[in-house]
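The structure appears right after this line, and notes come after that.
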């Protein structure tokens with residue numbers, strides 16, 4: 001039996017970030033880039049939190065997971081191609097998807113792995129919705145971004161309606177999504193929040209809004225200089241799920257997650273995952289509503 005504190009399920013990806021003036025072409029497997037995806041960012045964050053971490057993913061064998069994920073347990077379903085994203089930054093972010101690895105379903109998860117916290121984090125619709133009900137007794141956190149995307153034949157990624165929401169939301173202990181995921185549609189966010197126990201909308205530099213037990217809380221974030229926003233939402237989600245599972249307090253979890261995520265945008269790529277010293281500082285900050293320029297109000 002492999003006992004884990006934090007198990008994240010989803011594709012580890014190969015990411016290429018380019019300015020809007022460039023348009024990358026070529027064989028997807030020859031695209032240079034860095035490791036990415038919710039699974040990678042959340043796994044590294046959970047390790048910084050002191051967790052025993054596992055990742056269930058699908059990727060080509062040439063995607064170097066061990067180099068970036070260290071002592072994280074990895075269950076890789078080999079694929080002919082890894083999931084490859086091209087992130088084009090200019091006025092906002094546009095994405096292309098070059099290739100996609102295999103679907104992940106409950107059978108992909110090793111039978112002898114047990115975790116108290118499950119994070120289901122699709123990036124390209126790869127996680128079978130049945131995963132959300134496959135871990136009885138565990139805390140299940142969901143970041144549905146990859147279920148809210150579609151792409152055309154050229155690979156251009158756009159938003160899609162989350163058709164599986166009604167089947168997934170009632171079974172999740174917490175859900176984290178971003179303003180980008182819902183194109184700023186607050187009515188849609190409220191509809192989702194009414195179907196699940198706890199939902200958080202991340203709002204970039206403004207912090208986040210927490211919907212829990214019929215209440216709404218606005219939690220601000222520290223002010224920082226942004227270098228690279230990629231992965232900040234995944235850092236936030238990992239931190240939020242971790243604290244919420246342990247304390248049951250969504251406001252405390254949001255303060256901690258905002259603190260860690262704000263610091264993550266000051267570094268590029270997977271270096272965005274929190275440092276041990278940052279985790280310690282944010283732990284102290286979440287005990288107070290005033291530390292690091294954060295504030296909290298309920299309504």
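The values are calculated or read from the model by the stated rules, or taken from the named source; none is laboratory data. These numbers come from a predicted model, not from an experiment. Note: ideal-geometry Cβ built from the backbone for every residue, glycine included; neighbour counts use all protein chains shown.
Here residue 248 clears all of (1) closer than 23 Å to residue 174 by Cβ; (2) in contact with a helix residue (DSSP H, G or I) (Cβ under 9 Å, 6 or more places away or on another chain) except the condition numbered (2).
On the stretch given as the range 139-154, residues that are buried (at least 16 other Cβ atoms within 10 Å of the Cβ) and either in contact with a helix residue (DSSP H, G or I) (Cβ under 9 Å, 6 or more places away or on another chain) or more than 16 Å from residue 126 (Cβ to Cβ) (or both) total 11. Scanning the range 199-211 for residues that are touching a strand residue (DSSP E or B) at 6+ places or on another chain (Cβ under 7 Å) and more than 16 Å from residue 286 (Cβ to Cβ) yields a total of 6. Residues that are under 20 Å from residue 134 (Cα atoms), in contact (Cβ under 8 Å) with a residue 12 or more places away in the chain, over 18 Å from the mean Cα position of the chain (by Cα) and surrounded by 17 or more Cβ atoms within 10 Å (Cβ to Cβ): does the range 86-102 have at least one? Looking for residues that are under 20 Å from residue 134 (Cα atoms), in contact (Cβ under 8 Å) with a residue 12 or more places away in the chain, over 18 Å from the mean Cα position of the chain (by Cα) and surrounded by 17 or more Cβ atoms within 10 Å (Cβ to Cβ), one finds at least one in the range 86-102, hence yes. Residues in the range 57-80 that are in contact with a helix residue (DSSP H, G or I) (Cβ under 6 Å, 6 or more places away or on another chain) and modelled with pLDDT of 95 or more: 57, 72, 74, 77.
In the range 64-76, the residue that is farthest from residue 272 (Cα to Cα) out of those that are touching a residue at least 24 places away in the same chain (Cβ under 8 Å) and crowded, with 16+ Cβ neighbours inside 10 Å is 75. Taking into account only those residues within the range 103-127 that are assigned to a helix (DSSP H, G or I) and touching a residue at least 24 places away in the same chain (Cβ under 8 Å), which is surrounded by the fewest Cβ atoms within 10 Å (Cβ to Cβ)? This residue is 106. Is it the case that the range 205-218 has a residue that's under 15 Å from the mean Cα position of the chain (by Cα), closer than 24 Å to residue 36 by Cα and buried (at least 17 other Cβ atoms within 10 Å of the Cβ)? Checking the range 205-218: at least one residue is under 15 Å from the mean Cα position of the chain (by Cα), closer than 24 Å to residue 36 by Cα and buried (at least 17 other Cβ atoms within 10 Å of the Cβ). Only residues that are surrounded by 12 or more Cβ atoms within 10 Å (Cβ to Cβ) and over 17 Å from the mean Cα position of the chain (by Cα) were counted in the range 51-63, giving 4. When residue 10 is tested against (1) surrounded by 23 or more Cβ atoms within 10 Å (Cβ to Cβ); (2) at pLDDT below 95, only condition (2) is not met. Does at least one position in the range 128-136 carry a residue that is farther than 21 Å from residue 246 by Cα, touching a strand residue (DSSP E or B) at 6+ places or on another chain (Cβ under 7 Å), at pLDDT 95 or above and surrounded by fewer than 19 Cβ atoms within 10 Å (Cβ to Cβ)? Yes, the conditions are met somewhere in the range 128-136. Put simply, of 189, 175 the only residue that is in contact with a strand residue (DSSP E or B) (Cβ under 6 Å, 6 or more places away or on another chain), at negative phi and in a helix (DSSP H, G or I) is 189.
The condition (being at pLDDT 95 or above and farther than 25 Å from residue 117 by Cβ) is satisfied by just one residue among 188, 201: 188.
The set of residues in the range 132-165 that are under 16 Å from the mean Cα position of the chain (by Cα) and outside any strand (DSSP E or B) comprises 132, 143, 144, 145, 146, 147, 148. Just one residue in the set 257, 237 is in a helix (DSSP H, G or I), touching a helix residue (DSSP H, G or I) at 6+ places or on another chain (Cβ under 7 Å) and either at pLDDT below 80 or under 21 Å from residue 70 (Cα atoms) (or both); that residue is 237.
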